[in-house]
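Structure record follows, encoded as structure tokens.
The values are calculated or read from the model by the stated rules, or taken from the named source; none is laboratory data. On a predicted model such as this, the values are computed, not experimentally measured, just so you know. Here the Cβ positions follow ideal geometry from the backbone for every residue, glycine too, while neighbour counts run over all protein chains shown. Only protein heavy atoms, including side chains, enter the accessible area calculation; ligands, DNA and RNA are left aside. Shrake-Rupley method; radii C 1.70, N 1.55, O 1.52, S 1.80 Å.
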Amino acid sequence: MIKNYFKTAWRTLLRNKGYAAINIAGLAVGIAVCLVIFVVIRFESSFDGFHTNKDRIYRVLSEFHTPKGNEYNPGVPFPLPRAFRNDFPQLEKVTTITTTGNDQILVLNEQGTVVKKFKEERGVFFAEPEFLDIFNFPLLSGNKSSLAEPNTTFLTKDIAEKYFGNWQDAIGKTIKRNNTLTLKVVGVLENTPVNSDFQIKALASYSSIHDKDRDEDWESINSSYGCYFLAAANFDEAAFNKQLMAFSKKYRAADNTTLQAIQSISKVHADDKTGNYLDRAASKEMINTMWLIAAFILVIACVNFINLSTAQAVNRSQEVGVRKVLGSNRSQLVLQFFCETFLIVSTAVVLAVGITYLLLPAVARIMDIPLATKAIGSASVIIFCLAAMIVVTLLAGFYPAIILSGFNPITALKSKVAAGRTKGVSLRRGLVVTQFVIAQSLIIGTLMIIKQMDFFQHTSMGFDKEAIINVPMPRDSASLTKVDYLQNRLQQMKTVQQVSFSYSSPADNGNWNSDIKYDHAAKGTDFGVNLKWADAGYIKTYSIPLIAGRNIYPSDTVREFLVNETLLKKLGVTNPQDAINKEIDMWDGQMKGPIVGVVKDFNARSFREGIEPVLIASRKQFYSIAGIKLSQQNMPQTIAAVEKLWNQAYPDYVFEFKFLDAKVAGFYKQERRMSNLYTVFAILSIFLSCLGLYGLASFMAVQRLKEVGVRKVLGASMQSIVYLFSKEFMILIAVAFAIAAPLTWYFLQQWLQDFQYRINLSWWIFLLGGIASLIVALTTISFKAIRAAQANPVKSLRSE
């Protein structure tokens, strides 16, 4: 019996190849989008889920109370890991972990001569032996206890092969980090899984960089200095957080309000506010939005199927009538139509898997995530495909099966149209409106995101970022002695306009914050100040306007300060001139000096954040980059000349540079990735919605066949007939726009709240989105309407 159902269904689809092809294509695209989103979400949700004790692994955060609410930092005070071991016996293992990024690695031979040099942007970690007990990073060679010894390191297999050719040959060899720290390779780790926030390249012993002078420093917090622990099996997270209140007060000064909090490792990758060592997060909001888009795309695809199926209903009414006269009951007809739907859906699922296989590499590039095509063969994807096959068959097949099987046999045999036409058309109209609400919302949302990205790119940040390259430099004492030499040589180049050495550029991801004492105050500020350690050429190189006083004089150490307007406002100073010659005291007198100038406010971070209080002072010991303002002419040749000079000064250092405007654009890489992805989704949603319109237009063309014939006989023009078809759809799209516009406005307002600097919601963007969808829809409708208008009226009238 079932075999006959499928055989009949197959023959029916072969007789209606065009209908089947459109349905399969629409469903395949919709299911492929859902499958791609499923693979992405599954990957993003799997981070660090491979650790055996993942449910008991936590990281420690620092909690700051600010006027804007609680803020969290992944860094902890330097003595905290030791105190955790002493104060909390319920913690099985505790480890320090720290990293700096932008590490220079020199590979040495047995004589200590440099044979290779590499630049690792991230991936060099320092940790204690407990790190390998807490996390599952298997060893290929070596003993984890070696991590307790100073000047030792483990390399991952790929890195060992990159450095030494064969990972077995790496054992016992020597590398040098940043030309200061010599490390012996004592073991090799398996390559880190791509779904881990710890993308380890080298894991060195923390004792190699341990600074005992910081063992009692409970005030300083470095965001790269973290602490993780493995809790006991019966660990109570809520109770432990309460204990942390007393712990924080025990070790800190009475006026220090910083607290500690803990976070399960399962939540780290989703925390886009606090961040992680990968510097890329997948927030819950992003995951939920992608699930919502997947659901919307699938709904659009199912609506298309319903519209196209019911458009065919008038052509199959006689078939239904004959089947009923010959004894078929309604349940048999429902099963027959469900078999047809299942064949279409199953074919679409197979095609969707192929589309997904082809799309994944492109999606991986757009989102900058390491998606592997082999993920399509995983058990979860197979289960998802089977579930999608069943759900889509039920969703897409239910309504057509009920409608087609419900035809009255006498009416069906007398004419192809059935009762309930008005009700059916109304439902289909509602489905088309639903489609275009989704499509227009995606279009408007994508246009607004693109406009916000354009705003970031072209809005002034308060400093010059054009034609400036930042070149990282070594920070060892020997290298720093060459700063003056480099500055003089660079300034002698005709195509170099300005040069400055500093800790960071005006806007940077790496920031140094501290409290200060102003004008002999007894207490430090209750807010952090962004410290910009820089030479006297800083404000000239980056064109930061000076609004009061003068620039700092050249110096290797702190002697005087520049402050920005926001810092003065927070200190209660309204007139910048009043701050000149007032004393700044940092770190209990370690650094003192007068304020000699006030600079105009500039953005020290991305546009998500507001203007921060900024302090600028010279301190050569802290310089880590050179900012070089280039002439627009012969820029490649100038960079080549800079590289040659750099290699002469630092022969064991890998030269690299980054344009400052590119660095600033990198602040918004996550938004840009999602913008690109949403653009693709918006295009697909319009494509699928137009398939739905085509289905409804096909239905109406058949339903109004006689009417069109009569109108043509009475002299109606082609334009008037096209307008007859288009008028109703224009109304439907207008209704969809009226629903989509306020919904999109609300959600975009919520999204824009994440940025301190943001665009206004412009009415013309909403209008542009509506007009774009209208033009595409009318183009689709016109194709079917013109064909209907060109039909021979004699044949149309005779067909009755």
**OP:** Loop only per DSSP, at most 12 neighbouring Cβ atoms within 10 Å: give me the GluC sites (Glu not before Pro) in region 61-165, ordered by residue number.
**Re:** GLU110, GLU121
Subject >> Gain on full stretching of the segment that runs from LYS451 to TRP291 - 0.36 nm per residue minus C-alpha separation >> reply: 55.2 nm
**OP:** For region 94-166, state which trypsin sites (Lys or Arg not before Pro) are in a DSSP loop and have at most 16 other beta carbons lying within 10 Å of their beta carbon.
**Re:** ARG122
Subject >> Simple spin-label estimate for VAL115 and ASN241 in nanometres, 7 Å along Cα-Cβ >> reply: 5.3 nm
Subject >> Using a Förster distance of 45 Å, the FRET efficiency for ASN760-ASN575 (Cβ separation, nearest 0.05) >> reply: 0.85
Subject >> Cα centroid of region 241-279 to Cα centroid of region 148-178, whole Å >> reply: 33 Å
Original post:
Quick one: length gained pulling VAL350 to TYR746 fully straight, 0.36 nm per residue minus the C-alpha distance?
Top reply: 138.8 nm
Subject >> Inter-site label distance for ASN102 and GLN719 at 7 Å from Cα along Cβ, in nm >> reply: 6.6 nm
Original post:
Taking amide H positions as placed 1.01 Å from N in the peptide plane, with prolines and chain starts having none, which residues 5 or more places from ASP197, or on another chain, fall under 5 Å of its amide H?
Top reply: ASP48
Subject >> Contour excess over end-to-end distance, with Cα ends at TYR485 and LEU768 and 0.36 nm allotted per residue >> reply: 96.2 nm
Original post:
Given the pairs LYS482/LYS570; LYS173/LYS273; LYS273/LYS570, which are separated by over 30 angstrom at their Cα positions?
Top reply: LYS482/LYS570; LYS173/LYS273
Original post:
Could you give the distance between the Cα centres of region 514-565 and region 604-630, to the whole Å?
Top reply: 11 Å
**OP:** For THR495, put the label point 7 Å out on the Cα→Cβ axis and report which residues of region 636-653 keep their amide N under 17 Å from it.
**Re:** 636-647
Subject >> Lys, Arg +1 and Asp, Glu -1 on Cβ, resulting dipole of region 227-300 about Cα centre, debye, nearest 20 >> reply: 220 debye
Original post:
Between ALA604 and residues 5 or more places away or on another chain, which pairs have amide H atoms under 5 Å apart, with H built 1.01 Å from N, and which residues are they?
Top reply: GLU612
Original post:
At what distance in nm do the modelled label points of ALA640 and ASP368 sit from each other, each positioned 7 Å from its Cα along Cα→Cβ?
Top reply: 2.9 nm
**OP:** Run the dipole for region 445-546 about the Cα centre, Lys and Arg Cβ at +1, Asp and Glu Cβ at -1, nothing else charged, and hand back the magnitude in debye, nearest 20.
**Re:** 220 debye
Subject >> Whole-Hz couplings from phi, Karplus 6.51/-1.76/1.60, listed for region 543-555; x for Gly and Pro >> reply: 6, 8, x, 9, 10, 7, x, 9, 7, 5, 7, x, 6
Original post:
Given +1 on the Cβ of Lys and Arg, -1 on the Cβ of Asp and Glu, and no further charges, what dipole in debye does region 242-281 carry about its Cα centre, rounded to the nearest 20?
Top reply: 220 debye
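What FRET efficiency comes out for ASP272 versus SER782 if R0 is 51 angstrom and r is the Cβ-Cβ distance? Round to the nearest 0.05.
Values: r = 45 Å, r/R0 = 0.88.
Using R0 = 51 Å, I get an efficiency of 0.70.
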**OP:** Taking all protein chains together and a probe of 1.4 Å, list ILE443, ILE355 from the most accessible to the least accessible.
**Re:** ILE355, ILE443
